[in-house]
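The values are calculated or read from the model by the stated rules, or taken from the named source; none is laboratory data. Note that the coordinates shown come from a computational prediction; the quantities given were computed from them, not determined experimentally. Note that we place each Cβ from the backbone using ideal geometry, even for glycine, and neighbour counts take in every protein chain shown.
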Amino acid sequence: MRFVTRWLGFALLVSSCAAIQARVYLGNESLAMRDFGTLRGKRVGLLTNPSGVDGRGRSVIDILH
């Protein structure tokens, strides 16, 4: 009985934690939300590859251009 009570308590705890969702912002999305203010007036070089996209699939180069 004690084992079952602990198991049910653990299952309830895990299920309540699984319902929490957090939004993760990529670095380029964070810059875009701030209107690229930290880069304003600076010369910027960008090294990227085909996987360099934001959450919507847009290329980082296209966003900065």
For this session: Might you check whether a residue that is surrounded by 10 or more Cβ atoms within 10 Å (Cβ to Cβ) and either under 15 Å from the mean Cα position of the chain (by Cα) or among the acidic types (Asp, Glu) (or both) occurs anywhere in the range 1-22?
Result: no
Exercise. Can residue 31 be described as surrounded by 10 or more Cβ atoms within 10 Å (Cβ to Cβ), modelled with pLDDT under 85 and assigned to a helix (DSSP H, G or I)?
Worked result: no
Exercise. In a helix (DSSP H, G or I) and at pLDDT 85 or above - does that describe any residue in the range 49-60?
Worked result: yes
